[in-house]
Amino acid sequence: MTRPPRLSAGLLGQAAGRGRLLLCLDFDGTLSPIVETPHEARPLPGVRAVLRSLSAKAPRVSVAVVSGRSVAQLRRLLGPAAGLYLVGTHGVELVGPRGGRRRLADVGAARPELARLRAWLRSNVPPRAGFLVEDKGWSIALHYRKADPQAAAALCRSFKRFVARETPALRLSAGKMVVEAVARAANKGAALRALRRLVGADATAVYFGDDMTDEDAFGAVGPRGISVLVGERAPTRARFRVDGPGAVLQLLKKLNASLGRPASRSRGRNVRARAKQAVQAAAAVCGCGGRAKTSDRAG
Ligand SMILES: [Mg+2]
């Protein structure tokens, strides 16, 4: 399996020079270093500022954070997220730059099965043994980084067996020292396609991510898109790679500098027209099952 080449700032800048960008970033392992437990994660210093600055350059660039974390967690970690699209729980929920909230995947069937899985975890996860159950609403993760390796292997086997046999509306996802059961309809690739419809098909999609769950999104960037694996993994569908979150931050800073100042007031009409298009496109985004309020705004 060939290792993808390293992404250069020049290539990203060229893509930005050709037209609009849809810039999507995973959070853990991409904007934040991997840490022992999920609640210790913080964005690298400088990440919030560069995301804010890039978002202010809309519509030349639309910025989305696409994570397995809930939107509520992303808001806490990233602070006031004006201008950002936040996609949480592997693509279940989306909050737009103006706070409009919608559900991207029809996950209702998963609700009773998640309840059964919670009960199973309460009965089977030993206390004070280094395991951590992270309940994100539409997904439940079992972290075992601090557990005894043999005990972790045994519990993970049982967890996977239970999910495979008892919860058909959930799918398993394995990450770094974590196994997770996620509503089957949730998918970062589908989330990326929804974002592309929201911001407009002419925007070049760029996606950075480090985990297996990001592979679906790598496959959804389209023929002109730029998919970037953060770290090492083989095989991967990503066309490019970078070494780690520090390298992602440097690329974001260079892209931000290359884009110059935010869109000026003289571009206001274009910006408003683009926002109107985005709202219209949002109304067409599927998978809400009628749950999204008609007053939801994408922008
Ligand atoms: Mg990640």
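The values are calculated or read from the model by the stated rules, or taken from the named source; none is laboratory data. Worth saying up front: this structure is predicted, and the values here are computed from it rather than measured. Counting neighbours? That spans all protein chains shown, and the Cβs are built from the backbone with ideal geometry, glycine included.
Structure values in brief
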| read-out | value |
| --- | --- |
| When residues of the stretch 136-191 are limited to those that are within 16 Å of the ligand (Cβ to nearest atom) and of a type in the set (S, T, N, Q), the one surrounded by the fewest Cβ atoms within 10 Å (Cβ to Cβ) | 173 |
| In the stretch 14-35, the residues that are within 15 Å of the ligand (Cβ to nearest atom) and on the phi < 0 side of the Ramachandran plot | 24, 25, 26, 27, 28, 30, 31, 32, 33, 34, 35 |
| Residue in the stretch 197-208 that is in a helix (DSSP H, G or I), away from the ligand (no atom under 16 Å from the Cβ) and either in the same structural domain as residue 115 (by TED's automatic domain parsing) or under 24 Å from residue 245 (Cα atoms) (or both) present | no |
| Index of the failed condition, residue 120 passing every other in (1) touching a Phe, Trp or Tyr at 6+ places or on another chain (Cβ under 7 Å); (2) over 23 Å from residue 162 (Cα atoms); (3) not in a strand (DSSP E or B) | (2) |
| All positions within the stretch 209-228 that are surrounded by fewer than 21 Cβ atoms within 10 Å (Cβ to Cβ) and not in a helix (DSSP H, G or I) | 219, 222, 223, 224 |
| Test result for residue 148, more than 30 Å from residue 247 (Cα to Cα) and modelled with pLDDT under 95 | no |
| Filter pass, residue 247 being on the phi < 0 side of the Ramachandran plot, surrounded by fewer than 23 Cβ atoms within 10 Å (Cβ to Cβ), within 16 Å of the ligand (Cβ to nearest atom) and modelled with pLDDT of 95 or more | yes |
